[in-house]
Amino acid sequence: MALCNLVTGGAGFLGSHLVDRLMEAGEEVICLDNYFTGRKQNIAQWIGHSRFELIRHDVTEPIRLEVDRIWHLACPASPVHYQFNPIKTAKTSFLGTYNMLGLARRVGARLLLASTSEVYGDPEVHPQPESYHGSVSTTGIRSCYDEGKRIAETLCFDYRRMHDTEVRVARIFNTYGPRMLADDGRVVSNFIVQALQGRPLTLYGDGHQSRSFCYVDDLIEGVIRLMDADATGPVNLGNPAECSIRVLAELVRDLIQADLPLTSQPSPEDDPLQRQPAIDLARQTLAWEPKVSLAEGLGPTIDYFRAALDS
Ligand code: NAD
Ligand code: UDP
């Protein structure tokens with residue numbers, strides 16, 4: 001019999017790609033979203049399908065459902081969005097995860113938490129292994145998200161210890177691809193949209209800060225392998241190919257063949273200087289590593305934004 005999957009945040013960027021993979025595998029999917037940063041058009045292809053259900057719901061409220069697996073992704077991921085209402089962001093991470101763990105416990109479901117590299121904060125250890133405990137501000141403008149995910153991880157492990165709830169924790173590093181919002185403020189979508197519109201590309205600070213960008217298809221494959229694996233985690237999922245933000249801007253500009261200036265704007269508060277996942281654990285336990293290079297993954301992402309802006 002097909003497994004019944006609950007995907008919270010299923011109308012968002014990552015959630016909708018996960019929904020696609022589960023539907024294509026012949027499983028049942030309940031997509032739950034409050035549409036804060038998600039869109040119905042991301043999952044429109046499944047509306048009306050007999051194995052698909054869509055629920056408008058906020059994870060900060062409890063819900064009763066019968067499911068086998070919970071993929072808990074609901075939470076805004078872009079700094080612009082999670083800082084819009086930081087108290088709500090913290091509630092979503094704490095209460096949302098608490099409610100989903102309560103559901104998992106009641107029905108005996110396995111829960112996978114979409115955690116983040118932000119639990120490492122502005123890291124003093126580089127690259128970051130799962131054993132690194134992080135350097136996170138409790139009071140800054142990123143804290144609602146970073147500390148929210150840290151308490152969400154803590155809840156998962158306490159439910160596991162106290163109630164034997166089956167949990168999986170994925171620490172996801174910067175991921176990009178089609179269906180990111182054009183105005184979501186993250187660097188890949190910003191640069192592509194700016195270049196397509198013939199505007200200067202905005203470097204925050206000098207552009208020497210780094211990130212490691214993973215293409216969405218690779219990331220979703222890792223998340224699915226972790227859910228199926230006999231491993232609780234936390235497991236880092238990301239592409240270890242590190243790149244400075246300036247180099248990313250130059251790459252996007254070259255791929256779009258736009259002769260545009262790079263402009264410097266002030267650095268946001270608490271902006272981490274560097275980030276690169278150590279993925280030895282994912283390689284060993286999930287036999288997973290990313291396959292798509294940044295230059296390869298930017299192609300379909302640029303095509304997506306070109307079509308989105310045209311329409
Ligand atoms: P996204 O903003 O596109 O998707 C989040 C989804 O959750 C949206 O559909 C939004 O409407 C929904 N949502 C937000 N708050 C909710 C609430 N209270 N109740 C119900 N639904 C709610 O972001 P994304 O990039 O798809 O990220 C998905 C998950 O992965 C998030 O938990 C994020 O923290 C995590 N993550 C993403 C990245 C990345 O680079 N994309 C990196 C690390 C972690
Ligand atoms: N950034 C930038 N220009 C932009 C948007 C972001 O230089 O238009 C920088 C940002 O300051 C950070 C990096 O790009 O150093 C990644 O930012 P993003 O918001 O995508 O992800 P996060 O900071 O959460 O990793």
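A short reminder: the numbers here are calculations on the coordinates, not readings from a lab. Bear in mind the structure is a predicted one, so any value in this text is a computation, not a measurement. Every residue, glycine among them, receives a Cβ derived from its backbone with ideal geometry; neighbour counts consider all protein chains shown.
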### Query
Mind checking which lysines have their C-alpha under 19 Å from LYS88, skipping anything on the same chain fewer than 8 residues away?
LYS149
### Query
With each label point set 7 Å from Cα along the Cα-Cβ vector, what nm distance links ALA231 and ASP183?
4.0
### Query
Among VAL235, VAL187, which comes first, second and so on when ranked by fewest other beta-carbon atoms within 10 Å?
VAL187, VAL235
## Note on the structure
Amide H neighbours of GLN128 at under 5 Å, excluding residues fewer than 5 places away on the same chain, with H built from the backbone geometry, are GLN276, ALA278
### Message
Just to be sure I follow: if Rg is taken over the C-alpha atoms of the stretch 153-311 and Rh is the Kirkwood radius over the same atoms, what is Rg/Rh?
### Response
1.04
### Query
Over the Cα atoms of the stretch 1-120, what Rg and Dmax result, in angstrom?
13.6, 42
### Query
Label ARG51 and ARG21 with points 7 Å out from Cα along Cα→Cβ: what is the distance between them in nm?
1.5
### Summary
Mean separation of Cα contacts under 8 Å (at least 6 apart) over the residue count of the chain, i.e. the relative contact order in percent, is 17
### Task
Any chance you could give the angle, 0 to 90 degrees and rounded to 10, that helix 143-163 forms with the longest Cα principal axis of the chain?
30
### Task
Among DSSP beta bridges lying fully in the chain, give the percent that are antiparallel, nearest 5.
10
### Query
Considering amide H positions built from the backbone, and no H for Pro or chain starts, which residues 5 or more places from ILE172, or on another chain, come under 5 Å of its amide H?
SER115, THR116, SER117, LEU237
### Rg over Rh [alpha-carbon atoms, Kirkwood Rh] for the chain
0.95
### Task
Would you tally the net charge around GLU242, using a Cβ to Cβ cut-off of less than 10 Å, leaving GLU242 out, and scoring K and R as +1, D and E as -1?
+2
### Query
If you rank VAL188, VAL19 by fewest surrounding Cβ atoms within 10 Å, what's the result?
VAL188, VAL19
### Query
Under the Kirkwood approximation for Rh and a Cα-based Rg, what ratio Rg/Rh is obtained for the stretch 203-291?
1.08
### Task
Taking the Cβ of each residue in ASP217, ASP33 as the centre, tally the other Cβ atoms inside 10 Å and list the residues starting with the fewest.
ASP217, ASP33
### Summary
Charge dipole of the chain built from unit charges on the beta carbon (Lys, Arg +1; Asp, Glu -1), centred at mean Cα; most positive-end Cα among PHE52, VAL19, TYR215 is PHE52
